[in-house]
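Reviewing the structure listed below.
The values are calculated or read from the model by the stated rules, or taken from the named source; none is laboratory data. Source: prediction; values computed, not measured. Here the Cβ positions follow ideal geometry from the backbone for every residue, glycine too, while neighbour counts run over all protein chains shown. For the accessible areas, the whole protein counts, side chains as well, though only heavy atoms, and no ligand, DNA or RNA atoms are used. Shrake-Rupley method; radii C 1.70, N 1.55, O 1.52, S 1.80 Å.
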Amino acid sequence: MARAVTFDERGPVGLMGIDNPPVNAISHSVRCGLHDAMAQAAKNPRIKALLITSDGKQFSAGADITEFDRPQGEPSLQQVQTAIEFSSIPIVAAIGGLALGGGLELAMACHYRVAHKDAKLGMPEITLGIIPGAGGTQRLPRLIGAGAALNMILSGTPISALEAKDKGLVDDVVEGDLRHAALSFCERLVQEGRGPRPTCNRSVSDSLDEAEIASALLAHARALKGRSTQQLVIEAIKASRLPFAQGIAIEASIAQKSLASRESLALRHVFFAERESGKLSGASTIHNKRTQTPAIQRVAVIGAGTMGSGIAVAFADAALDVMINDNDPASLTRSREVVSSTYASSVRRGRIAQSVADERIRRIRHAHTLAEVADADLVIEAVFEDVETKKDVLTRLDSALPAERVIATNTSTLSVTELARATAHPERVLGLHFFVPAHASRLLEIVRTEHTSPESLATAFRIAKLLKKVAVVSRDAFGFIGNRMMLDGYFREAEQLLLEGATPAQVDTALENFGFAMGPQRVSDLGGNDVGTKARAQLFKRDSRPDPYFVIADRLTEMGRLGQKTGRGFYTYENGSREAVSDPEVHNLIEKLASDRGIRRREINDEEIIERCILSLVNVGAMVLEEGTAARAADVDVVWTSGYGFPRHLGGPMFYADTLGLSHVLEGIRHYHEKLGHYWRPARLIERLASSGSSFEAWDRTSASP
Ligand code: 3H9
């Protein structure tokens, strides 16, 4: 096994360097390395202090998450921490890059901490559904106070080195060469005769009262909606008032409970699924994201509409130079305004400084002839969603650009295969399905055709990484992955429930209580019912669907009830408010549409609403898999948790179906198939997996194809 911790003698200081790429996770090899290095130092009388630092970019991203489902090899992180805390010579942590979770817990067990000014320190465990289980809930309150510790652990977001110093988490913040500065810090300790200072011997300066707990929960209520880990965090932090040994024992037992929870299994599934989705699995002929591709520095976006401008902002945010190209001068003027107002809003909300906004605006140029894009490393076509207009642009780009440059088309409805046929080099064409707003949404669907080359795909992965987006590959098919499942599954069923007797508010509230960020009708009103109607009309050119299919939304569009932007949609929004108010006109309309179709209306309860919307989503998800549109069930989960508001703590629709059990899922689907007809036909994949007692997770391991 490669040495995961290096050891070096620098005068009176023993220097331990964690060296476990890519992120210095505290794997078994690191724990062994730290343990051995300390034992070696203890035998060396010349060494008067120890420094733990990193040989890589990060101090440490925390415990090795891949070890969570296996028995922990000794020494455990807790054993290493005890050895540090009770060392007879002082031990200092030098923190550069990130110190997260177990990485920060390791540093907190050290006697002193020095951080580089650009370092970030955080406890992200809650995002994985676990509590900090290596003393984090006991040492952090001893260093910064119980109230501050609770907020830091509930937020999961790292803080800066300067903030850490203010709170008392680090002793010194340095600039320039961290290792050099930290060695000097150690030498000063030795000269001044300052010895070990075990964190466990400190006491907690404040106690958590109920008001403080309530206000911390309120501050993080949005991120923690439907979650339960926060209660475990509170329980563990309360134990920090007890003697350390007692508190740490309570933490250990709560940590075990959190690790075994469904919530944690689901969140860890999404963590790894997001990282896997950025790679192509399977066939050796397919390269993964590490395929060599030319560097991307300049990007051109064709089309200065809202989408084109948003995509340009996304690239400028990633520090790339970008040109927005449009042959209509009025559109270019509007685009400049959209870009400025987007940045003005980011400054107003305190997200970025004015100087940063100015620098990003300077990165975006506007031009009106296509010849000006010839030197772009990548071109994204984002013109009006019309097949002939897009084909025309692609043909012209194809002759303007050298053959190895990738041409991406931003479409949510059109056939990328058909668009690629307008070029002489279909291998360099792919779809990039950005979501609205393009600069802020996390998901990017990469649409490949039969002809898209591995190199072009590798470029698309690299773009996603640059833009810090989660990438999922979809084959070119009706609605790709996300919209197909939304239209044929989830949203269609929501409309069907309205026709059968539920109200929009009832459907939305039931699904929001299930955990969706926003119910389907509120989503439609937010995005614009006309947008959905137009998209479906485009999709119908690929493949149509029988009535009733979005009859309510389409009728609302005809009536000019476009949603929030017109103050009326599925709901009424009074005087520009975002509050959705039920409207009898809509209820009458739904009754009429139902009676025209001979649908008998009845009372529908929330359980049925949730069951039907989720089962139909899962069923269409399974079809998307069996048809090869998505490669892995985990990819489907990533699409739905990062782009469509499916609760992350339930792991995504396919993971959730596994937790229900596929036999149970199939039984439900068959029941509705019998009751509601053909569109509920069970996916063959579900039938197959259920009959052998299998799961989507097992299918991913054995059968997923690229
Ligand atoms: C913890 O510490 C528990 C303790 O309280 C108690 C213990 C007893 N372990 O994200 P990237 C892999 S819980 C193992 O693409 P980036 C990742 O899978 C932990 N592997 O890079 C990927 O592998 P691959 C608390 C990890 O630059 C590769 O590293 N810590 C871990 O975009 C690159 O990752 C966290 O929750 C890990 N801890 O982002 C932090 N972390 O190449 C989790 C990463 O095979 N990590 N990998 O696909 C992150 O947030 C991001 O990875 C980070 C880098 C920001 C560090």
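Think of the range 482-702 as a dipole: +1 on every Lys or Arg Cβ, -1 on every Asp or Glu Cβ, centred on the Cα centre; then among 546, 672, 623, 546 lies furthest on the positive end.
Across all C-alpha atoms in the range 436-514, the radius of gyration and Dmax reach 17.0, 51 Å. For the range 681-694, 3J(HN,Hα) computed residue by residue from phi via the Karplus equation (6.51, -1.76, 1.60; θ = phi - 60°) reads 3, x, 5, 4, 4, 5, 4, 5, 5, 5, 5, 9, x, 9 Hz, glycine and proline entered as x. Could you pull out every residue, at least 5 positions away or on a different chain, whose amide H is within less than 5 Å of the one on residue 409? Hs are placed 1.01 Å off N in the peptide plane, and Pro or chain starts have none. Excluding prolines and chain starts, which carry no amide H, the hits are 381, 430, 431, 432. Taking the square roots of five times each eigenvalue of the Cα gyration tensor of the range 570-687, the equivalent ellipsoid has semi-axes of 30, 21, 13 Å, listed largest first.
Dividing the C-alpha radius of gyration of the range 125-253 by 2.2 N^0.38 Å, with N its residue count, gives 1.18. Loop-located chymotrypsin sites (Phe, Trp or Tyr not before Pro) in the range 48-135 (DSSP state other than H, G, I, E, B) with a sparse environment of at most 16 neighbouring Cβ atoms within 10 Å: 68, 86.
Annotation: amide H of residue 365 within the under-5 Å range of 322, 323, 324, sequence separation 5 or more or interchain, hydrogens built in the peptide plane.
The residues of the chain expose, per residue, 42 Å² of accessible area to a 1.4 Å probe. Dipole size of the chain about its Cα centre, with +1 on Lys/Arg Cβ and -1 on Asp/Glu Cβ: approximately 1020 debye, rounded to the nearest 20. Shown here: the chain, whose C-alpha atoms stretch 88, 61, 54 Å along the first, second and third principal axes, sorted largest to smallest. Remark on the range 296-475: Rg and Dmax equal 15.2, 47 Å (Cα only). Computed about the Cα centre, the dipole magnitude for the range 5-264 is approximately 200 debye when only Lys and Arg (+1) and Asp and Glu (-1) carry charge, each at its Cβ. The distance linking the range 422-437 with the range 658-684 is 35 Å (Cα centroid to Cα centroid, whole angstrom).
On the beta carbon distance between residue 231 and residue 66, with R0 = 25 Å, the FRET formula returns roughly 0.40.
Note on the chain: with neighbouring protein chains present and a 1.4 Å probe, carbon and sulfur make up 52 percent of its accessible heavy-atom surface.
Could the peptides 356-366, 191-201 be put in order, highest first, of the mean number of other beta-carbon atoms found within 10 Å of their residues? All intermediate terms of the calculation are to be shown ahead of the outcome.
On the way: 356-366: 16.5, 191-201: 14.0.
My ranking of the peptides, most packed first, is 356-366, 191-201.
With each label modelled as a point 7 angstrom along the Cα→C-beta vector, the residue 513-residue 367 pair spans 5.7 nm. Considering only 651, 407, 87, the residue lying farthest towards the positive end of the dipole of the chain is 87, judged by Cα position with unit charges set on Cβ.
Taken one residue at a time, the phi angles of the range 212-217 give Karplus couplings (6.51, -1.76, 1.60, θ = phi - 60°) of 5, 5, 4, 6, 5, 5 Hz. Gly and Pro are set to x. All alpha carbon pair distances within the range 482-702 were sorted into 5 Å bins beginning at 0; the resulting P(r) in whole percents reads 1, 7, 15, 19, 20, 17, 11, 6, 3, 1, 0, 0. Residue ranges 550-559, 578-587, 688-697 sort as 550-559, 688-697, 578-587 when ordered by packing (mean number of other C-beta atoms within 10 Å per residue, highest first).
What would the Debye formula give as log10 I(q)/I(0) at q = 0.09, 0.11, 0.12 Å⁻¹ for the alpha-carbon point model of the range 5-264, no solvent? Ignoring solvent entirely, the Cα scatterers give -0.36, -0.55, -0.65. In order along the range 666-678, the phi-based Karplus estimate (6.51 cos²θ - 1.76 cosθ + 1.60, θ = phi - 60°) of 3J(HN,Hα) comes to 5, 4, x, 5, 5, 4, 6, 4, 4, 7, 10, x, 4 Hz; Gly and Pro are listed as x. The aspartates and glutamates whose alpha-carbon is closer than 18 Å to the alpha-carbon of residue 48, local same-chain residues fewer than 8 away aside, are 8, 9, 36, 85, 187, 192. When only alpha carbons are used to place a centre, the range 345-359 and the range 131-160 end up 29 Å from one another.
Amide hydrogen proximity for residue 442: with H placed 1.01 Å from N in the peptide plane, no residue at 5 or more positions away or on another chain lies under 5 Å.
Using Cα-Cα distances under 8 Å and only pairs 6 or more residues apart, what relative contact order does the range 5-264 have, in percent? Computed value for the range 5-264: 19 percent relative contact order.
Dividing the helix sum by the residues of the chain, where each DSSP H run of 4 or more adds -39500 (n - 2.57), gives a mean residue ellipticity at 222 nm of -14500 deg cm²/dmol.
For the range 296-475, give the magnitude of the charge dipole about the Cα centre (Cβ charges: +1 Lys/Arg, -1 Asp/Glu; no others), in debye to the nearest 20.
Result for the range 296-475 is approximately 800 debye, rounded to the nearest 20.
Think of the chain as a dipole: +1 on every Lys or Arg Cβ, -1 on every Asp or Glu Cβ, centred on the Cα centre; then among 242, 384, 563, 242 lies furthest on the positive end. In terms of distances greater than 21 angstrom between alpha carbons, the cross-link table entries 391/541; 57/120; 391/565; 167/257 yield 391/565; 167/257.
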